[in-house]
Amino acid sequence: MHAVRLHTFGPAENLTYEPTADPTPAPGQVRIAVAAAGVHLLDTVLRRGERGPLPELPALPTIPGREVAGVVESLGDGVAGLWLGKRVVAHLGFAPGGYAELAVVDVDRVHEIPANLDFAQAVAMIGTGRTAMGIVQFTDLTPDSLAIIPAAAGGLGTLLVQYAKQAGATVIGLAGGPEKVALTQANGADLAVDYTAPSGPPRYGPGWATGAQPSYSTEWAAPSRARQPTSSRRTAGTSSSAGRAASRTPSPAGPNKPSAPR
């Protein structure tokens, strides 16, 4: 097989694409023909030679990458034959080996990919999705909740926006720039706030005129359940960020420029 290998810790230029031996699945493992591999921040940390959360750095040469999706093409002893040929995604844990045409992993780490997901979507979910589920277990979102989600267009924020909407909450997504604002809207946010706009954050969302500033009293109110601007009710809700959720009441603001959520 071919793989991306690292012989010396350092910059990305140290990674080389080269032939290497096929890995053999041990008992209880499967071998996956890799169709998509995740590139995680931790991978770059390890590549530079920083240990991060690992007890020690991987031995060199190494094949980086810890998230893969593909098709099971070989089974180790003790693995049920039903896994052969299945579309799967797996997190390899602290074991490297994802940047390759073939990767081995314990079968209890493997998840079958639903028919409505492609390999790239599945591999994006296996790391970030686990983090998102770890966060939302600390929330109690209801249709009366107001969820304020920072970095709403990022990998984690994208999932949190969708989760909050599925729970029925009113969702405000904070994003940097028009493209990320558009993505936040597409993911279902009731209100998308561009916090990088030089003349004050433009606010976009269903029922809101693009680029227009809604009318406000001295308090900012979220869109009503019909997603129309309102100036008569105070709304408090749930804010999900970095694994914590807190009930917040919006701060007083000027008539046309509410304070940004903190």
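Which one of the conditions (1) out of contact with any Lys or Arg (no Cβ under 6 Å at 6 or more places or on another chain); (2) farther than 26 Å from His111 by Cβ does Thr16 fail to meet, given that it meets all the rest?
(1)
Mind counting the residues in the range 106-122 that are charged (D, E, K, R) and in contact with a helix residue (DSSP H, G or I) (Cβ under 6 Å, 6 or more places away or on another chain)?
Adding up the residues that qualify gives 0.
Gly52 - would you say it is open to solvent by 20 Å² or more (accessible area, probe 1.4 Å), of a type in the set (Gly, Ala, Ser) and closer than 17 Å to Phe94 by Cβ?
Criteria met by Gly52.
Results for (1) touching a residue at least 60 places away in the same chain (Cβ under 8 Å); (2) surrounded by 15 or more Cβ atoms within 10 Å (Cβ to Cβ); (3) touching a Gly at 6+ places or on another chain (Cβ under 8 Å), shown as yes or no for each residue.
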| position | (1), (2), (3) |
| --- | --- |
| Leu84 | no, no, no |
| Gly97 | yes, yes, yes |
| Pro114 | no, no, no |
| Leu117 | no, yes, no |
| Ile126 | yes, yes, yes |
| Arg130 | no, no, no |
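The conditions are (1) open to solvent by 40 Å² or more (accessible area, probe 1.4 Å); (2) closer than 19 Å to Val4 by Cα, and Glu67 fails exactly one of them. Which is it?
Glu67 satisfies all of (1) open to solvent by 40 Å² or more (accessible area, probe 1.4 Å); (2) closer than 19 Å to Val4 by Cα except (1).
Scan the range 19-32 and tell me whether some residue there is open to solvent by less than 40 Å² (accessible area, probe 1.4 Å) and free of Cβ contacts under 8 Å to residues at least 60 places away in the same chain.
There is no residue in the range 19-32 that is open to solvent by less than 40 Å² (accessible area, probe 1.4 Å) and free of Cβ contacts under 8 Å to residues at least 60 places away in the same chain.
Just wondering, is there one or more residues in the range 162-184 that are of a type in the set (Val, Ile, Thr), part of a strand (DSSP E or B), within 18 Å of the chain's Cα centre (by Cα) and at pLDDT 90 or above?
yes
Return the only residue of Ala103, Ala69, Ala132 being touching a helix residue (DSSP H, G or I) at 6+ places or on another chain (Cβ under 9 Å) and modelled with pLDDT of 95 or more.
Ala69
Quick one: in the range 1-27, which of the residues that are in contact with a strand residue (DSSP E or B) (Cβ under 6 Å, 6 or more places away or on another chain) and in a loop (DSSP other than H, G, I, E, B) is farthest from Tyr99 (Cα to Cα)?
Pro25
Out of the residues in the range 82-138 meeting the condition of being of a type in the set (D, E, K, R) and touching a His at 6+ places or on another chain (Cβ under 8 Å), tell me which one is farthest from Pro25 (Cα to Cα).
This residue is Arg130.
The values are calculated or read from the model by the stated rules, or taken from the named source; none is laboratory data. Keep in mind it's a predicted model, so treat the numbers as computed, not measured. Using ideal geometry, Cβ is built from the backbone for each residue, glycine included, and neighbour counts are taken over all protein chains shown. Quick note on the areas: whole protein, heavy atoms, side chains included, nothing else; ligands and nucleic acids left out. Shrake-Rupley method; radii C 1.70, N 1.55, O 1.52, S 1.80 Å.
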